[in-house]
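What follows is one structure encoded as structure tokens, with my remarks underneath.
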Amino acid sequence: MIGWAMAAVQCLLFVATAPLFAGWIKRVKCRAQNRAAPSLFQPYRDLTKLLRKGVVLAYDASWIFRATPYVVFTTTVLAAAVVPLIALRLPTSAIADVIVLVGFLGLGRFFLALAGMDIGTAFGGMGSSREMMIGALAEPVLLMTVFTLAMSASTTNLSEAVSFTLHGGLVIRPSFLFALVGLMMVAVAETGRIPIDNPATHLELTMVHEAMILEYSGRYLALLEWASMIKLMVYFVLIANIFAPWGIASTTTPTTLALGVLAIALKLMLLGIVLVLWETVMAKMRLFRVPQYLGFAFLLSLLGMLTHVILESGGH
Amino acid sequence: MSPLVLAYLALLGALASAALSLGAERYPGLLRYGSFALLGASGICAVLGGAWVLLSGGRHSAELALGLPWLGWQLAFDPLSGFFLIIVGLLVGAVSLYGPGYMRGYLHRRRRESLVALGTATGLFVAGMYLVLLAADAFVFMVAWELMSVASYFLVAYQHQHAANRRAALLYLLMAHVGALAILLGFGVLAAKGNGFTFEAMRAATLSPTWASIAFALAFFGYGMKAGMVPLHVWLPEAHPVAPSHISALMSGVMLKVAIYGLVRFCFDLLGELQWQWGMTVLVIGAASALLGVLYALMQHDLKRLLAYHSVENIGIILMGLGLSIIFLANDHQVAGILAMLAALYHTLNHALFKGLLFLGAGAVLHSSHEADLNNMGGLIRRMPHTALYFLVGCLAISGLPPLNGFVSEWLTFQATLQAPVLASGVLRSILPVTAAVLALSAALAAACFVKVYGVAFLGQARSRHTKRAREVEIGMRAAMAALALLCVLFGVFPTTVIGALGSIPLMLVGQGPPSATTEGWLWLTPISPEIASYSAPLVALALVATALVFLFVRWRALPRRRAYPWECGFGEVNPRMQYTATAFSMPIRRIFAPVWDVEERIEESADSVQPAQVASIRHQLHIHDRSWLRIYEPIGRLVITAARRVGRIQTGSIHAYLVYSFLTLLLLLWVVT
């Protein structure tokens with residue numbers, strides 16, 4: 001029972017701190033680009049403002065359009081519930097493994113893309129078409145990288161995989177390096193960051209994610225924005241805890257849990273800075289360069305997989 | 001009473017439905033109420049009989065006093081037949097609910113004579129499929145197989161006024177027979193070595209590895225042709241869409257599965273010792289089918305044709321499971337082999353359900369809007385709310401999204417590929433994960449394809465007059481779709497129960513059941529062990545439903561909700577032509593994977609007559625051809641025609657010459673025999 005309570009608390013913590021992570025990235029980015037930075041809590045203010053506002057719906061909007069914010073939010077929260085944030089071996093991690101996690105995000109994307117086409121404006125269709133193209137290319141890369149880890153740890157259960165790297169000691173596995181770079185490239189593509197998409201623009205011809213949610217307002221928009229913050233954090237927690245799990249709590253004593261919170265906070269702050277540097281030195285890519293980018297990521301993850309098969313597993 | 005009685009009843013029901021349809025010319029009601037009711041009853045009997053034998057295990061054999069003087073018809077009913085009989089029965093049941101409503105479209109057109117053909121061929125087609133599953137000797141099997149093929153030929157050629165349909169039907173008949181010939185030869189190898197045509201004798205046969213491989217190659221070619229694997233798939237997207245929609249559902253949903261049944265029966269049951277090279281062939285061809293099937297589907301804008309290409313994709317996924325199973329079993333890794341086999345069988349069931357549902361949905365759209373082209377549809381969710389909901393379930397299921405059934409079987413297939421490290425061969429260890437990546441890519445592309453289908457057909461605004469006036473279909477058709485949609489959800493949410501029930505099939509074929517998939521109770525699916533992977537579909541579904549209820553019933557502070565016109569970028573009014581079309585939606589993918597297709601794109605601009613610098617109109621033409629036509633089929637076609645011309649020289653037209661030919665042939669044969 002205590003396990004389930006812990007899992008619920010961890011999930012709530014995840015959902016509640018996702019805007020903070022987004023605020024951190026925004027703040028560091030402003031600093032890196034010599035701009036005046038907003039408060040760390042600005043995303044919370046934006047979300048509360050939007051949540052209090054009424055909704056404007058297009059005349060042609062069907063129930064898909066109204067259901068989508070809830071579906072997207074729910075699936076993203078479910079995905080967050082599966083990822084080990086501060087403690088390992090919580091009962092929720094057995095409900096769904098990493099393939100199911102990818103499935104949750106896929107379900108959310110499916111509905112978001114449908115909602116983009118629901119009104120029948122050109123922008124929505126454009127966003128959906130591009131999003132599904134990027135998604136279709138990014139998903140295999142994501143699965144290949146996690147499969148590399150899954151084959152090393154011989155499990156697809158995230159909690160077990162994390163504890164495998166945790167107890168494996170400081171061994172350098174070449175396959176993990178490939179997988180790490182591949183996963184980071186996919187994370188950037190899947191969360192709509194530069195160079196794939198720019199979350200801060202409404203420039204007509206380059207929008208992907210923003211084009212799909214262009215018709216949303218008020219509470220619906222708040223849920224979608226919140227969901228995309230959670231999704232960003234899911235990817236970065238995944239990267240942090242799979243490749244550098246040190247500090248995560250294996251037992252549920254107050255000390256280890258406090259240590260776990262501290263560790264993940266530090267790791268996320270660091271990863272946020274890496275993301276900001278990446279976004280600052282890169283320029284937004286032309287849409288048809290994206291396949292090359294993702295193709296490269298795929299090649300890396302494939303190399304990681306082959307490295308694992310050739311170098312690290314000797315057959316049984 | 002034994003389960004065989006139920007199987008006989010199912011068979012008789014289908015035959016009686018065929019017989020009753022003979023009177024449909026004078027009394028169309030006979031077809032709409034009598035035949036379909038009998039078909040429905042036969043479907044129920046098939047499901048009950050199949051479930052009985054699947055759950056109780058064991059083989060029930062019988063011999064009918066039909067057929068050759070020295071070989072009565074051997075029938076056998078075991079868990080494998082039972083499982084496929086359930087699949088056929090479920091779809092036949094759904095189609096019998098759907099058929100009467102769909103028939104109305106044919107009644108008004110003053111072409112009643114063809115109703116006889118439709119009803120009779122449907123009954124015989126279903127009876128043929130039942131009999132294939134029950135057959136226990138090569139003779140009955142081939143008779144039933146031909147009954148199935150020929151009856152479905154008449155159904156494909158049903159709307160024979162259009163030349164394209166006649167061509168599709170001929171192509172189908174031709175390829176079905178080339179395939180049947182290969183199957184017959186495959187049986188021939190086994191029968192020669194085993195000294196008998198019964199499956200019993202074939203099981204006892206001992207084959208040298210070479211002969212076993214020849215038999216396997218023949219059977220794989222034959223069954224693969226019927227199942228529509230790449231590159232033998234070309235008949236499928238031609239033939240399936242032109243049949244009446246409920247028949248398309250049967251052909252795509254069930255007939256392809258009967259071919260899979262044949263392959264499983266032949267490889268795992270009759271052939272004996274498995275070789276991993278076969279598994280490799282099946283796996284690679286399966287992966288190619290999955291990827292090419294979905295890529296071709298993405299380029300289609302005819303809804304039924306698109307669905308037919310998706311059948312190629314899903315057959316590919318099933319073949320991948322079977323290939324993995326052969327590889328693992330041949331290397332003596334029983335647990336992984338059984339897991340892969342169960343994944344393939346589960347996907348077979350799932351594909352039958354969601355593809356049947358989608359074809360019935362496409363039929364409902366066709367029935368009420370008379371549109372087959374996605375680019376003429378739009379906004380149907382408001383005109384046909386029920387159909388739209390069921391179709392959405394089908395789209396989610398085929399895209400492999402949790403918590404629906406398509407996801408479970410793809411998850412199991414992924415788990416099977418991740419067992420690759422147990423294999424000793426380095427080549428196998430590195431190829432298996434690559435096929436997993438191919439599977440991931442095709443699943444993701446399938447999701448893109450079904451966003452396109454649903455977004456263009458059901459969302460947005462109507463693109464044609466017919467679509468604007470579409471009406472919801474009648475209750476029987478809705479009930480059929482609702483039943484299949486419900487099954488898609490149930491088989492997605494309770495996978496552990498299904499896997500438990502399927503356990504008797506590997507028990508029969510491999511001698512061992514799924515060891516640990518169900519050990520943690522109905523809530524948890526743990527294919528190898530709980531530490532390696534676990535998935536709790538009921539809890540995932542519960543979480544989704546619970547949050548939905550929270551959002552529905554916890555009243556939020558009421559906020560104003562206002563309706564308005566969307567922003568139209570300052571161009572006056574938002575009109576349907578501003579929307580993304582199906583072709584536009586898939587354009588990025590067309591550009592990325594361009595070498596896969598043979599794309600023919602032309603843009604013609606005509607200048608304004610007064611101001612030549614200004615473009616008056618733009619005409620865009622896009623044709624996308626299947627490369628396998630150009631590369632494989634056209635050369636073969638040319639070869640056949642050249643050979644026929646050469647042979648034609650000996651045809652003098654004089655009867656004397658022909659008599660001499662016959663005499664010489666006879667002499668030759670006598671010489672060979674003695």
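Every number in this text was worked out from the coordinates using simple rules, so none of it is lab data. Everything numeric in this text was worked out from a predicted model, so none of it was measured. We place every Cβ from the backbone using ideal geometry, glycine too, and count neighbours over all the protein chains shown.
Using θ = phi - 60° in the Karplus curve 6.51 cos²θ - 1.76 cosθ + 1.60, the 3J(HN,Hα) couplings for the range B:164-177 round to 4, 5, 5, 4, 4, 5, 5, 4, 4, 4, 4, 6, 4, 7 Hz; x is entered for Gly and Pro.
Exposed loop sites, defined as trypsin sites (Lys or Arg not before Pro) outside DSSP H, G, I, E and B with at most 16 other Cβ atoms within 10 Å, are absent from the longest region of chain A, namely A:54-283. Compute the Cα gyration tensor for the range A:162-312, then decide on rounded, prolate or oblate, letting a ≥ b ≥ c be the square roots of its eigenvalues: rounded whenever a/c is under 1.5, prolate when a/b is larger than b/c in the other cases, and oblate in all that remain. Since a/c reaches 1.5 but b/c is at least a/b, the shape of the range A:162-312 is classed as oblate. For residue B:214 and residue B:593, the FRET efficiency from 1/(1 + (r/R0)^6), where r spans their Cβ atoms and R0 equals 41 Å, is about 0.70. Note on chain B: helix-only mean residue ellipticity at 222 nm, from DSSP H runs of 4+ residues weighted -39500 (n - 2.57) and normalised by residue number, equals -21500 deg cm²/dmol.
With a cut-off of 9 Å between beta carbons, the residues surrounding residue A:208 carry a summed charge of -2, where Lys and Arg count +1 and Asp and Glu -1. Net charge dipole, chain A: roughly 840 debye, given to the nearest 20, about the Cα centre with Cβ charges of +1 for Lys and Arg and -1 for Asp and Glu.
Rounded to the nearest Hz, the phi-derived 3J(HN,Hα) couplings of the range B:20-27 under the Karplus curve 6.51 cos²θ - 1.76 cosθ + 1.60 (θ = phi - 60°) are 5, 5, 4, x, 5, 5, 7, 10, where x marks glycine and proline.
Take chain B and mark each of the chymotrypsin sites (Phe, Trp or Tyr not before Pro) that is in a DSSP loop with at most 10 other Cβ atoms within 10 Å; the longest unmarked stretch, sites excluded, is B:71-555.
Listing A:269, B:481 from fewest to most neighbouring C-beta atoms within 10 Å gives A:269, B:481. Taking 7 Å steps out from each Cα toward its Cβ at residue B:631 and residue A:253 produces label points 6.3 nm apart.
Do me a favour and compute the ellipsoid semi-axes for the protein assembly as shown from its Cα gyration tensor, root of five times each eigenvalue, largest one first, whole Å.
Details: eigenvalues 476, 238, 148 Å².
Over the Cα atoms of the protein assembly as shown, the ellipsoid semi-axes are 49, 35, 27 Å.
Projection of the Cα convex hull of the range B:1-136, averaged over all directions and equal to a quarter of that hull's surface, yields 8.4 nm².
Helices of chain A meeting both criteria, an alpha-carbon length of 20 angstrom or more along the long axis and an average Kyte-Doolittle score not below 1.6, with helices taken as full DSSP H segments, are A:98-118, A:174-190, A:254-281. Computing Rg and the Kirkwood Rh from the Cα coordinates of the range B:471-522 gives a ratio, Rg/Rh, of 1.25. Where only DSSP H runs of four or more residues are counted, chain A gives -24000 deg cm²/dmol as its mean residue ellipticity at 222 nm, each run worth -39500 (n - 2.57).
Determine, from the Cβ-Cβ distance of residue B:616 and residue B:674 and an R0 of 60 Å, the FRET efficiency 1/(1 + (r/R0)^6), rounded to the nearest 0.05.
Values: r = 81 Å, r/R0 = 1.36.
Given R0 = 60 Å and the Cβ-Cβ separation, E is 0.15.
In terms of its C-alpha gyration tensor, the range B:280-511 has a prolate overall shape, because the principal axis ratio a/c (a ≥ b ≥ c, square roots of the eigenvalues) is not below 1.5 and a/b outweighs b/c. Along its principal axes, the range B:275-409 has C-alpha extents of 56, 27, 18 angstrom, given from the largest down.
Classify chain A: rounded, prolate or oblate, from the alpha-carbon gyration tensor (a ≥ b ≥ c, eigenvalue square roots; a/c under 1.5 rounded; otherwise prolate if a/b is larger than b/c)? The shape class here is prolate. Computed from point charges on the beta carbon alone (+1 for Lys and Arg, -1 for Asp and Glu), the dipole magnitude for the protein assembly as shown about its Cα centre is near 2300 Debye.
Tell me, which longest segment in chain B has none of the trypsin sites (Lys or Arg not before Pro) that fall in DSSP loops with at most 16 further Cβ atoms within 10 Å?
Working: sites that count: B:26, B:59, B:109, B:110, B:111, B:112, B:469, B:471, B:555, B:557, B:649.
No qualifying site falls inside B:113-468, the longest such stretch.
In percent, rounded to a whole number, the relative contact order of chain B is 11, using alpha-carbon pairs under 8 Å and six or more apart. Here each label is just a point 7 Å from Cα along the line to Cβ, and for residue B:61 and residue B:577 those points are 7.1 nm apart.
Please give the FRET efficiency for residue B:605 paired with residue B:104, using the beta carbon to beta carbon distance and R0 = 35 Å, rounded to the nearest 0.05. Show your work: numbers first, answer last.
Details: r = 46 Å, r/R0 = 1.31.
Efficiency at R0 = 35 Å is approximately 0.15.
As a length-normalised measure over Cα pairs under 8 Å and 6 or more apart, the relative contact order of chain A settles at 28 percent.
Across the options B:266, B:524, A:273, the greatest Cα extent toward the positive end of the charge dipole of the protein assembly as shown (unit charges at beta carbon of Lys, Arg, Asp, Glu) belongs to A:273.
Return a whole-number percent for the relative contact order of the range B:231-339, with Cα pairs under 8 Å and 6 or more residues apart as the contact set.
Details: 124 pairs, mean separation 33.9, N = 109.
Taking the mean separation of contacting Cα pairs over the length of the range B:231-339, I get 31 percent.
Note on residue B:531 and residue A:33: their simple-model spin labels are 4.8 nm apart, each label 7 Å out from Cα toward Cβ. Find how many whole Å separate the alpha carbon centroid of the range A:263-283 from the alpha carbon centroid of the range B:1-61. The two parts, judged by their Cα centres, are 65 Å apart.
Which residue, A:200, A:249, A:18, tops the fluctuation ranking in a GNM of chain A built on C-alpha contacts under 10 Å? Ranking A:200, A:249, A:18 by mean-square fluctuation puts A:200 first. State which entries of B:304/B:468; B:226/B:304; B:226/B:468; A:49/A:231; B:193/B:355 exceed 30 angstrom in Cα-Cα distance in the structure shown. Over 30 Å Cα-Cα: B:226/B:468; B:193/B:355.
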